[in-house]
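J.: Quick one: the structure is below, questions incoming.
The values are calculated or read from the model by the stated rules, or taken from the named source; none is laboratory data. All of these numbers come straight from a predicted model, not from anything done at the bench. When we count neighbours, we look across all protein chains shown, and the Cβ atoms used for this are built from the backbone with ideal geometry, even at glycine. Heavy atoms of the whole protein, side chains included, go into the accessibility calculation; ligands, DNA and RNA do not. Shrake-Rupley method; radii C 1.70, N 1.55, O 1.52, S 1.80 Å.
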Amino acid sequence: MIYLKAFSHAFLHALKNLLPIIVVVVFFQLVILQQMPENTLSMSLGLLIVAVGVALFLQGLELSIFPVGKSLSNQFAKRGSVPILLSFGFAIGFSAVVAEPALIAVAQQAEEISQGRVDALTLRLLVAISVGFVIALGVFRTIFGFPLHWFMIIGYMLVVLVTFFAPEEIVGLAYDSGGVTTNIVTVPLIAALGIGLAASIRGRNPLTDGFGLVALAVMVPMITVQLYGIIVFSGAAPDAELTLYSGGVEVERHVLVGMLLDLATMLRDVIPIILTILFFQYLILKRPLSNPPKIIFGFILVILGLYAFVVGLKMGLFPIGSSMAEQLISMERFGFIYLFAFMIGFATTMAEPALIAVGQQAEQAAAGKINGTVIRVLVAIGVAVGITIGVHRIISGGSMHYYIIGGYTLVIILTALAPRYIIALAYDLGGVTTSEVTVPLVTALGIGLATHIEGRNVLIDGFGLIAFASIFPIVTVMIYAIVMQWYTASLSKVNA
């Protein structure tokens with residue numbers, strides 16, 4: 001009964017997160033386009049399945065991964081062993097990202113569009129290894145108290161440098177891969193690890209030292225995926241007929257067999273987290289789990305939730321994004337496309353649960369310096385502006401290289417000017433804006449625009465919107481902090 005009540009609450013919460021998207025889509029369909037897509041029923045059913053999947057997934061996380069992960073973090077922090085903490089940071093980063101639903105969705109889209117040149121599993125493993133490495137690096141930074149801004153400035157200078165040499169087919173995908181690593185699984189685990197460490201180490205500040213792990217997890221995959229792209233796109237293209245043939249076999253398989261194979265895939269995605277937890281719990285800490293039946297039930301819910309989520313994406317959010325792009329382009333009035341991009345970006349971000357949670361944690365850690373609601377509005381504006389600029393790039397056909405390099409050059413300059421207390425939080429906020437709902441819809445919108453605008457390459461131009469959604473919240477939050485610092489200093493001079 002308790003589980004049913006918790007599921008209904010999580011389901012309603014998931015529907016609430018979907019509501020802003022539904023409102024924006026319905027507004028555009030009825031008021032702007034004055035028509036409804038042919039597959040409205042299928043899309044609506046897909047959205048409901050997404051809500052069910054997210055509810056099951058969240059409920060499973062609350063019963064299994066979250067309590068066990070937090071318990072392990074606290075126990076390791078108390079033991080104070082640096083090698084064990086670094087190993088745990090790597091393992092948690094790797095296992096959480098491998099199971100990330102948004103990364104699964106983007107990787108599958110990339111493999112299909114590139115006709116197999118980009119391998120979905122290889123892409124996910126590269127991103128997961130990158131995140132594991134950088135979480136260990138972030139734990140090291142927190143333990144020894146190194147300032148985050150030097151890590152971020154040097155890191156993004158490397159990102160920009162690699163972008164100069166990366167093929168244009170991989171740039172948008174690489175930045176999107178960085179944006180989707182921090183999401184429904186990773187943010188709570190990584191944030192809890194960082195804040196828990198900072199709170200347990202004498203002389204550390206939870207605001208300046210506890211935040212920043214999420215930001216690092218966004219940055220490093222951008223480098224590794226671009227390096228992967230340099231290798232992949234330097235060779236010959238694969239045989240297109242072979243790719244199409246494999247797809248034909250996929251379609252012809254029995255429905256029940258397909259469902260079982262998809263469930264097995266979901267199990268494969270969650271196994272790394274299970275193995276990580278069991279290894280550290282039993283072999284390192286040498287303590288049994290507190291409530292094994294409850295935890296096992298939680299993992300079952302996680303697997304079922306992932307499965308429903310992926311099914312719902314294919315039925316609901318991907319078709320909505322593609323359909324809206326096609327309909328808006330057919331009107332040949334690009335102003336409405338910009339308006340749709342801005343409204344979708346703002347509406348989905350304001351309802352993003354990870355952003356709400358991080359905003360509340362920041363407000364508590366900042367002791368009056370930060371208002372959680374103001375932060376949410378600033379981040380939502382940043383996402384809306386970022387997606388709108390990204391859409392303009394697709395429509396105008398501009399090079400992703402120049403937009404990205406320009407955006408991160410601005411971020412680096414602001415990092416040097418912004419007050420130190422806001423830097424780690426600003427970068428983390430850029431990582432939590434792309435939700436399990438926003439990512440598939442925005443990805444589908446970009447791919448839909450690139451597909452239906454003449455002269456655009458889907459692989460080159462279709463990806464990148466998520467990257468813009470991650471860059472500009474950093475900009476808006478840092479500018480706000482700089483302005484507030486200047487305003488406070490001016491008031492102090494006047495009063496003096």
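J.: Roll a 1.4 angstrom probe over the protein heavy atoms and tell me the percent of accessible area of segment 416-496 that is carbon or sulfur.
T.: Its accessible area is 64 percent carbon and sulfur atoms.
J.: Here is a follow-up. Running Debye on segment 45-155 with equal point scatterers at the Cα sites and no solvent, what base-10 log of I(q)/I(0) appears at q = 0.11, 0.18, 0.23, 0.24 Å⁻¹?
T.: Log10 I(q)/I(0), no solvent term: -0.51, -1.05, -1.20, -1.23.
J.: Using +1 at the C-beta of Lys and Arg and -1 at the C-beta of Asp and Glu, which of V134, A55, A110 has the Cα lying farthest in the positive direction of the dipole of segment 1-158?
T.: V134
J.: Still on this structure: How large is the Kirkwood hydrodynamic radius of segment 384-496, counting all unique pairs of alpha carbons, in Å?
T.: With all distinct Cα pairs of segment 384-496 included, I get 15.4 Å.
J.: In square angstrom, what is the accessible area per residue of segment 390-496 with a 1.4 angstrom probe?
T.: 34 Å²
J.: Please work out how much accessible surface K294 shows to a 1.4 Å probe, ignoring ligands, DNA and RNA, in Å² rounded to 10.
T.: K294 exposes around 80 Å² with every protein chain in place.
J.: Moving on. When the dipole is taken about the Cα centre of segment 366-496, and only Lys, Arg (+1) and Asp, Glu (-1) are charged at their Cβ, what size is it in debye, to the nearest 20?
T.: 420 debye
J.: Working out 0.36 nm times the residue gap between L267 and L41, then minus their Cα-Cα distance, what length gain in nm do you get to one decimal?
T.: Additional length available on full extension: 78.4 nm.
J.: Also, quick follow-up: Hey, how many Å between the Cα centroid of segment 375-396 and the Cα centroid of segment 107-183?
T.: 21 Å
J.: Turning to a different aspect of this structure: What number do you get for segment 438-496 when its Cα radius of gyration is normalised by 2.2 N^0.38 Å, N = residues?
T.: 1.92
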